[in-house]
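The values are calculated or read from the model by the stated rules, or taken from the named source; none is laboratory data. On a predicted model such as this, the values are computed, not experimentally measured, just so you know. Note: ideal-geometry Cβ built from the backbone for every residue, glycine included; neighbour counts use all protein chains shown. The area values use the complete protein model at the heavy-atom level, side chains included, leaving out ligands, DNA and RNA. Shrake-Rupley method; radii C 1.70, N 1.55, O 1.52, S 1.80 Å.
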Amino acid sequence: MAECDAEWELCKENIQPLRHGRTISALHQALCHQHEGNNTALNQKKQSYESELRLYEGDDPLDVWVRYIKWTKQTYPQGGKESNLSVLLQRAVRRFTDDKKYQDDIRYVELWIEFAEGCSDPMDIYRFMQAQGIGTMQAALYIAWSEENEKRGNLKMADSIFQNGVKCGAQPSEKLHAFHRALQARVCRQMMSSMTDQKKDHDDDEDGEGSEEPQRSSLVELKAKGKKKAVVPINRASASVGYARGLHFKQPLGPKQNSRLEIFDENKNPETEPQEPRLEIWTAPPTARAKENEQKPEKWTNVKLPLKSRSGLSVAVPPPLPTFQPFVEEDHQPPAVTPCKINPAVNSVLSARKPCRVQETPLKMLSQHTQHAAEGKPREQSMYCKELLYCGVIEFCFEELRAERYRQKLQTDRQTD
Amino acid sequence: MTGANEFKLTQGPEDSISAVKFSPTSPQFLLVSSWDCTVRLYDVSTNSMRMKYQHLAPVLDCAFYDPGRAWSGGLDNQLKTHDLNTDQDTIVGTHDAPIRCVEYCPEVNVMVTGSWDMSVRLWDPRTPCNAGTFTQPEKVYTLSVAGDRLIVGTAGRRVLVWDLRNMGYVQQRRESSLKYQTRSIRAFPNKQGYVLSSIEGRVAVEYLDPSLEVQKKKYAFKCHRLKENGIEQVYPVNAISFHSIHNTFATGGSDGFVNIWDPFNKKRLCQFHRYPTSIASLAFSVDGSLLAIASSYMQEQGDISHPADAVFIRQVTDAETKPKST
């Protein structure tokens, strides 16, 4: 156990936070397994989930998927490719797209939302869900959708989505209303604070001195500016830091002003004049920040990058090609096959990047799936249980399926004896 | 349906057949492993069963080490060697999951097993004991020995080429050139390449030499497909066996057909009559005169009723197996 504690200390920064948290025992176990490079138990568990997916015969197949996904999240704390979580989610949501029984099942809707959050454009997924009638009676969909809009600064849309949800009669309605009110409160607060910010800017201009240097926060989401085109401002200081998940990274109006005063109190030497230390900050700033300060960053918050693509994202200018020929040794030839050592503990060796295939958006894949179902006349017919072999994240062969059936039969035989 | 050049083995296994293997020295003896938990030794010349031994669970593969010793492994995770002269069992070792394949490499004198525990293990057949465990990226589905090289086919359509004399690193990592799951890999007797079959009615001929010139020669083709009412039914290609002299090979599919192919002229040499059910395994005898055909349903379409499992021994002629030199 002491070892595990040490393990936790070593890798806690790699553990992705989950909304519902993690059970500490599962976390310990996962970390211990990784530490020892002992994948056997993990693989066995995974294999058993995979075979359960295929051979489940009850009336709630979604349950297996939900348990499998939950287990995956707990077992691979750092997420990533190894966990295959995104593939798993995609398969799960696709599997039951046409299943009317699960359309308003909260577990299924939550899988969809999680899947959407992993996509590059969650909005499309939410729209797809609405079109398919998945989760339209669940408050969770509208909350997630609205949050996404809010993140992009589209507050009007965020609000109308809540209204839409109320109109549809999504349940539980109290939750929906609570989130709606919270959104409205945040919008109000933001407007107030931006008004005072403007006022403050005014004051600052009159004073001719920046009373407080904007703090640039790290690892927080950027708030987009602009109504239609979401453009992340260049100056990513406090004003542009948005909300993540409805939590405030920025202090609300009142305390902020207080803190401003407090800072002055701290720096202020009771013997000296109140003006002096503030002046010093501006006359001799640290060299790293000198340039930025000379250019008055406050003004820059309104300036947009001149180059823009249609989607509103700013495009970086590619660096000019070098005018000289880079030197390449004459006898240099890349080896055809690179021998590389395999460490038995680590089998996730980076492979050479494969030629990029045409980008398939998740939505396209989903709609293709429904299209195929609509056509219903395949020219080729696979004479084997393809959907069983490729059901989960890892593939099975006939022998594995049969072995699982054999094991189950053996078990029931033993029970009846 | 069995003609003059073909007969069915008597006292056949009571459940599906997983593998058939001829003795390395004589066309007289044939090993048959089965889902009925047994490995049987047949005397083909007299059509009789000489011996059988038991595993704790279904057996997935077997192999001759020498004419007097058989090795086998299966769902009980145990690797067994059986002395065919004294009828004695020895458990050599275990895997962490069922053993899917067992092969012998005469050039390095080592037994090779592949398992769903994502590893390949080598075994010294003289002691006998474990001579190393080598992690693979995925579950091992098939493997084949080409001289001192080992070709491993795993889930996720990966193919790994190992050097049995230096197992410190993977010599080549490849991706199957076929779109679907790898079903079987068998190396050319001339050791230059291998043939890989997939569950979706396709076979690929590949070469081991990584140089571009040689790699250009590789190809793949469709087979084991039947047209019915305008719909093409695609069957898995489960079995491959090489003719040791002519370097031609036979493929068996779940459609119940056996085809013999000439890989050099890219031609089909012949097709036999349709067998009662899926072809699970194929084996040419060492002299290339006989072909053992295991016709056995593998539950490809679920656990449904099916024709009886049987092993057929067919005499093959040069006309059927020799490339046409025109």
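Here is how the numbers come out for the structure above:
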| read-out | value |
| --- | --- |
| Candidate set: the range B:95-141, residues that are away from chain A (no Cβ under 14 Å) and free of Cβ contacts under 8 Å to residues at least 24 places away in the same chain; chosen: the one farthest from the chain's Cα centre (by Cα) | B:Thr127 |
| Some residue of the range B:77-94 being open to solvent by less than 30 Å² (accessible area, probe 1.4 Å) and within 12 Å of chain A (Cβ to nearest Cβ) | no |
| Condition met for B:Leu60 (out of contact with any Phe, Trp or Tyr (no Cβ under 7 Å at 6 or more places or on another chain), open to solvent by 40 Å² or more (accessible area, probe 1.4 Å) and within 14 Å of chain A (Cβ to nearest Cβ)) | no |
| Within the range A:10-84, helices (runs of 4 or more DSSP H) holding 3 or more residues that are more than 13 Å from chain B (Cβ to nearest Cβ) and touching a Phe, Trp or Tyr at 6+ places or on another chain (Cβ under 6 Å) | A:61-75 |
| Residue in the range B:199-218 that is under 26 Å from B:Ala155 (Cα atoms), of a type in the set (Phe, Trp, Tyr) and away from every other protein chain (no Cβ under 14 Å) present | no |
| Residues of the range B:284-305 satisfying the condition of being farther than 22 Å from A:Arg54 by Cα, of a type in the set (A, V, I, L, M, F, W, C) and crowded, with 24+ Cβ neighbours inside 10 Å | B:Phe284, B:Leu291, B:Ala292, B:Ile293, B:Ala294 |
| Selection count where residues are open to solvent by less than 30 Å² (accessible area, probe 1.4 Å), over 20 Å from the mean Cα position of the chain (by Cα) and among the polar types (S, T, N, Q), scope the range B:31-55 | 0 |
| Test: B:Val237 is touching a His at 6+ places or on another chain (Cβ under 7 Å) and within 22 Å of B:Ala19 (Cα to Cα) | yes |
| From the options B:Val195, B:Val234, residue that is in contact with a Lys or Arg (Cβ under 6 Å, 6 or more places away or on another chain) and either within 10 Å of another protein chain (Cβ to nearest Cβ) or over 17 Å from B:Glu175 (Cα atoms) (or both) | B:Val234 |
| Check on B:Glu107, outside any strand (DSSP E or B), more than 24 Å from B:Lys179 (Cα to Cα), open to solvent by 30 Å² or more (accessible area, probe 1.4 Å) and at pLDDT below 95 | yes |
| Hits in the range B:142-187 (condition: more than 12 Å from chain A (Cβ to nearest Cβ), small (Gly, Ala, Ser) and under 15 Å from B:Val102 (Cα atoms)) | B:Ser144, B:Ala146, B:Ala187 |
| Which listed residue, of B:Ala220, B:Ala204, is within 14 Å of B:Arg174 (Cβ to Cβ), in a strand (DSSP E or B) and open to solvent by 40 Å² or more (accessible area, probe 1.4 Å) | B:Ala220 |
| Test: residue in the range B:112-124 that is over 24 Å from A:Tyr406 (Cα atoms) and either part of a loop (DSSP other than H, G, I, E, B) or open to solvent by 50 Å² or more (accessible area, probe 1.4 Å) (or both) | no |
| Test: residue in the range B:270-286 that is without any contact (Cβ under 8 Å) to a residue 12 or more places away in the chain and either within 21 Å of B:Glu14 (Cα to Cα) or in contact with a helix residue (DSSP H, G or I) (Cβ under 6 Å, 6 or more places away or on another chain) (or both) | no |
